[in-house]
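Q: Before anything else, here's the structure in question.
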Amino acid sequence: MKTPFEFSLRGQDWWKPFLPFWLIYVAYIVVTQIGARATRGNPSGVGAMLLLTFGLMIVFTAIVSVFTIIFMSILLPKFKAGDKSVEFNGEIWPFVGKVVGGLLLSLITIGVYMPWFCRNMVSYLASQTRFGGAPVVFRGKPGKLFVYGLLSFALPLVALIVVLALLFQGMGTAHGASPLRSILIAAITFIVFTPYVYLVYRWYMDFESSGVRIRWKTGFGPSCGFILGQICVTAITLGIYWPAAFLRIYKYFAERTVLESGDAELGRLYFEGKLGKGFLLLWGQCLLSIVTLGIYLPWAIAKTNGWLIGQSGYAGDGQERAAADSGIAE
């Protein structure tokens, strides 16, 4: 039995709060870039630039947290699964306090507190959400995220720096070496950090409501291999393939997102979107957003997510379903 999803958001539903956020985001990027250029080759200004960077980061993070509550209040009620809808009652200032305080603690502890910061943010947002009238609980453990960060980010980052230093030692600044250097750095970075990205997203996908838990049921090796394969094809096609890569990855993980009660699997999500239609839709909305310098983004996000979620749903009859390894339906 299938239960389809629905996402009824329209661009006009949220363009008014989105455009101020977009302008603030662009201004933040411009200011940080100007500051970076101003201190380039000027060691005496590095200290002032660091203080400015940290100050701007804290202010911008606080602004993002304000808009997060505003956006979730608009977007989440637009989602329905069958006859069940979503309610969100989050408040701006309690969330801003949690975010700014958590960011400061993360900076003071040189990142050690970051997993607890992430858990507190997601837990608050989940606690303010109700699905079908029932509360939502986030089950992710910060200790597990800390281990993921240590083993799949911090240690690989150190190894990456050492390897790149040895790899390019003696290459100098020859013009012929620059393109090769950039390609190798990008390739090695994707390979090293794909496992970290996968583990973090898997950690985030762990919620429970009405005694039903939703999480990924995926294998580490196959999942990382699949993601890297899609990234490689995207790179080979100079980025043209990116919508297809996104759709295939979306389908892959949707069909491995399970709903469980205790040890019993109740069902899985599904995605039935056509690859060709999705490819054209994503590219079209992306180009329109670029041409309009981001002003069209509220409509682009509404249309793409409306299609993606509208082609998705939940399928289950109380029996286990085997994971689907086929490609997107043609």
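Q: Might you check whether a residue that is part of a helix (DSSP H, G or I) and surrounded by 17 or more Cβ atoms within 10 Å (Cβ to Cβ) occurs anywhere in the range 84-97?
A: As a first pass, look at the range 84-97 and keep what is part of a helix (DSSP H, G or I): 92-97.
From the residues that got through so far, the ones that are surrounded by 17 or more Cβ atoms within 10 Å (Cβ to Cβ) too are 95-96.
Yes, because at least one residue in the range 84-97 is part of a helix (DSSP H, G or I) and surrounded by 17 or more Cβ atoms within 10 Å (Cβ to Cβ).
Q: In the range 98-123, which residues are part of a helix (DSSP H, G or I) and either more than 21 Å from the chain's Cα centre (by Cα) or under 26 Å from R10 (Cα atoms) (or both)?
A: First, pick out the residues of the range 98-123 that are part of a helix (DSSP H, G or I): 98-108, 114-123.
The answer is G101, L104, L105, L107, I108, V122.
Q: A follow-up question, please. Criterion first (more than 19 Å from the chain's Cα centre (by Cα), surrounded by fewer than 18 Cβ atoms within 10 Å (Cβ to Cβ), farther than 22 Å from L157 by Cα and not hydrophobic (A, V, I, L, M, F, W, C)) does G219 satisfy it?
A: Yes: the conditions hold for G219.
Q: Just give me the residues in the range 54-83 being more than 30 Å from L104 (Cβ to Cβ), small (G, A, S) and surrounded by fewer than 17 Cβ atoms within 10 Å (Cβ to Cβ), in sequence order. Even if it seems obvious, please write down each step before you answer.
A: Quick first cut of the range 54-83, residues more than 30 Å from L104 (Cβ to Cβ) only: 77-83.
Keeping just the survivors that are small (G, A, S) gives 81-82.
Once the filter is applied, which keeps residues that are more than 30 Å from L104 (Cβ to Cβ), small (G, A, S) and surrounded by fewer than 17 Cβ atoms within 10 Å (Cβ to Cβ), the range 54-83 yields only G82.
Q: Does the range 28-42 include one or more residues that are touching a helix residue (DSSP H, G or I) at 6+ places or on another chain (Cβ under 9 Å), surrounded by 15 or more Cβ atoms within 10 Å (Cβ to Cβ) and at pLDDT 90 or above?
A: yes
Q: Given T68, T53, T61, which one is part of a helix (DSSP H, G or I), under 29 Å from I290 (Cβ atoms), touching a Ser or Thr at 6+ places or on another chain (Cβ under 8 Å) and among the polar types (S, T, N, Q)?
A: Step by step, each of T68, T53, T61 is checked, and only T53 is part of a helix (DSSP H, G or I), under 29 Å from I290 (Cβ atoms), touching a Ser or Thr at 6+ places or on another chain (Cβ under 8 Å) and among the polar types (S, T, N, Q).
Q: Another question, then. Which of the residues that make up the range 124-157 are assigned to a helix (DSSP H, G or I), small (G, A, S) and within 30 Å of E6 (Cβ to Cβ)?
A: Hits for the range 124-157 are A126, S127.
Q: So, one more: What about T109, is it of a type in the set (S, T, Y) and in contact with a strand residue (DSSP E or B) (Cβ under 6 Å, 6 or more places away or on another chain)?
A: Considered against the rule, which asks whether it is of a type in the set (S, T, Y) and in contact with a strand residue (DSSP E or B) (Cβ under 6 Å, 6 or more places away or on another chain), T109 comes out as no.
Q: Moving on to the next point. Run down V86, V112 and say which single residue is touching a helix residue (DSSP H, G or I) at 6+ places or on another chain (Cβ under 8 Å), in contact (Cβ under 8 Å) with a residue 12 or more places away in the chain, of a type in the set (A, V, I, L, M) and closer than 27 Å to I309 by Cα.
A: None of the others qualify; the one that does is V86.
The values are calculated or read from the model by the stated rules, or taken from the named source; none is laboratory data. Everything numeric here is computed off the predicted structure, so don't read it as measured data. Positions of Cβ are backbone-derived with ideal geometry, glycine not excepted, and every protein chain shown enters the neighbour counts.
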